[in-house]
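Participant: Sending over a structure as structure tokens; questions will come in a sec.
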Amino acid sequence: MSKLSAFLPQFVSSTMPAVDGGIAVVTGASSGIGRAVAAALASPSSSDAPRFTVIGTSRNPEKIDNALPNVEYLALDLEAPSSIDSFAAEVLNRGTPAVLINNAGESQSGPLEELPHDALTRLFQLNVLGQIQLTQKFLPAMRAAGKGRITMVGSMLGSFPLAFRSSYVASKAALKGFAFAGRREVRPFGVNISVMEPGSINTGLSARRTKYIDMEGPYRTEFSTMLHNLDHNESVGISAERVAEEILRSVTDDRPKPLYATGSMAPVIFPLSRLLPLETVHWIIGRKHGL
């Protein structure tokens, strides 16, 4: 055994308690990644994989026109603390969640200079604070049960920032910060927190992205170039089902990793980022988006 191995704390290499069924909560489960994850948890493709009682969330469950048959949809508005309180209470009345996938969120674009304060406030409540508030509601029960898996769905932009996406980048980086720090706190109690960072995904998100730009202002040309390339990259990106496969690894791995990533050449760009100067990495990300 090397001196380094002997120095490492025992819990770093130890296995985590398995979650082999029970309640799984997936936020934003009406479309995209959330829908794919909910489907995979409720009806696993392998007979060896655990099957969960899945509770998916939507702001308006009654308006879902493609609801999954094995998923129960409950109302949750992450912008409203009272909605978070009532949703968490309803879930806990049914039992302790074994899995929480924090997936809901908003994709936002715009020059830093022109982002409205109310848009930033809404984004951070939805993408960060609401996710953390919901996690806080479930952690005591998970801790008491001695097991649980929590996965924060971030973005590779949280690791590799892109111009004109600063608010979205910052929200995903903040979510990762909460997860990485909190991971050490809850791990001794049998609870794991991981982050999933997908790259470009073909989920139709481009049509729902919020944009804040003065089209008569100084940033209009480069913003339009970035957005055109971003939309193209997403149109040829990986499927939501591929992302769901990676998220399921964070649920089923004996030794779940802090960070999972897929898409946008993730196996190449992460190792490369540790070798190249930071400025070079940022240049590569910009060039991929026409900047």
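The values are calculated or read from the model by the stated rules, or taken from the named source; none is laboratory data. Here the structure is a predicted model, which means the values were calculated and not measured. Cβ atoms come from the backbone with ideal geometry, glycine included; neighbour counts cover every protein chain shown. For accessibility, only protein heavy atoms count, side chains too; no ligands or nucleic acids. Shrake-Rupley method; radii C 1.70, N 1.55, O 1.52, S 1.80 Å.
Participant: Beta carbons within 10 angstrom, averaged per residue: use that to sort the peptides 140-152, 163-175, 259-271, highest first.
Facilitator: Peptide ranking by packing, descending: 163-175, 140-152, 259-271.
Participant: Can I ask one more? Ranked highest first by the average count of other Cβ atoms within 10 Å around their residues, in what order do 274-280, 214-220 fall?
Facilitator: Averaged packing, sorted descending, gives the order 214-220, 274-280.
Participant: Karplus couplings for segment 92-102 from phi (6.51 cos²θ - 1.76 cosθ + 1.60, θ = phi - 60°), rounded to Hz, Gly and Pro as x?
Facilitator: After applying 6.51 cos²θ - 1.76 cosθ + 1.60, I find 5, 5, 8, x, 7, x, 8, 9, 10, 10, 7 Hz.
Participant: Considering amide H positions built from the backbone, and no H for Pro or chain starts, which residues 5 or more places from Ala261, or on another chain, come under 5 Å of its amide H?
Facilitator: Amide H neighbours of Ala261, under 5 Å, 5+ apart: Glu197.
Participant: So how tilted is helix 32-42 from the main axis of the chain? Cα-based, degrees 0 to 90, rounded to 10.
Facilitator: With both axes taken from Cα atoms, the answer is about 10 degrees.
Participant: For the modelled label position 7 Å from the Cα of Thr15 along Cα-to-Cβ, which residues of segment 114-150 have backbone nitrogen atoms closer than 20 Å?
Facilitator: Output list for this probe position: 145-150.
Participant: Across segment 160-174, in residue order, what do the Karplus-derived ³J(HN,Hα) couplings come to in whole Hz, using 6.51 cos²θ - 1.76 cosθ + 1.60 with θ = phi - 60° and x for Gly and Pro?
Facilitator: 10, x, 10, 4, 6, 10, 4, 5, 5, 3, 5, 5, 6, 5, 5
Participant: Output the pairs from Lys147/Lys211; Lys63/Lys137; Lys211/Lys288; Lys172/Lys257; Lys63/Lys147; Lys137/Lys211 with a Cα-Cα distance over 29 Å in this structure; if there are none, say none.
Facilitator: Exceeds cut-off: Lys147/Lys211; Lys63/Lys147; Lys137/Lys211.
Participant: So, one more: What net charge is computed for the residues neighbouring Glu106, neighbours being all others with C-beta under 14 Å from the C-beta of Glu106, Lys and Arg scored +1, Asp and Glu -1?
Facilitator: +4
Participant: Give me P(r) over segment 23-289, computed from all C-alpha to C-alpha distances, binned every 10 Å, as integer percentages.
Facilitator: 7, 30, 37, 20, 6, 0
Participant: On to the next question. Which distance in Å, rounded to a whole number, links the C-alpha centroids of segment 81-135 and segment 177-251?
Facilitator: Taking the Cα centre of segment 177-251 as reference, the centre of segment 81-135 is 15 Å away.
Participant: If you take the charge dipole of the chain about its Cα centre, with +1 on Lys and Arg Cβ and -1 on Asp and Glu Cβ, which of Ile64, Leu275, Tyr260 is farthest toward its positive end?
Facilitator: Result: Leu275.
Participant: Of the accessible area of segment 120-238, with the probe set at 1.4 angstrom, what percent is carbon plus sulfur?
Facilitator: The value for segment 120-238 is 58 percent carbon and sulfur by accessible area.
Participant: Okay, moving on. So how far apart, in nm, are the two label points at Met215 and Gln136 if each is 7 Å from Cα heading toward Cβ?
Facilitator: Result for the modelled spin labels: 4.1 nm.
Participant: While we're on this one: Just subtract the alpha-carbon distance of Thr121 and Ser82 from 0.36 nm times their residue separation and send over the number in nm, one decimal.
Facilitator: Details: separation 39, 0.36 × 39 = 14.04 nm, distance 1.72 nm.
Additional length available on full extension: 12.3 nm.
Participant: Full extension from Leu275 to Ala181: what is 0.36 nm times the residue separation minus their Cα-Cα distance, to one decimal in nm?
Facilitator: On the way: separation 94, 0.36 × 94 = 33.84 nm, distance 2.47 nm.
Full-extension gain reported as 31.4 nm.
Participant: Output ³J(HN,Hα) for segment 55-65: one whole-Hz value per residue in order, computed from phi by the Karplus curve 6.51 cos²θ - 1.76 cosθ + 1.60 with θ = phi - 60°, and x for Gly and Pro.
Facilitator: 10, x, 10, 7, 5, 9, x, 5, 9, 6, 9
Participant: Residues of segment 57-103: accessible area per residue at 1.4 Å, in Å²? Each step should come with its number before you reach the end.
Facilitator: Details: 2310 Å² over 47 residues.
Normalised by residue count, the accessible surface of segment 57-103 is 49 Å².
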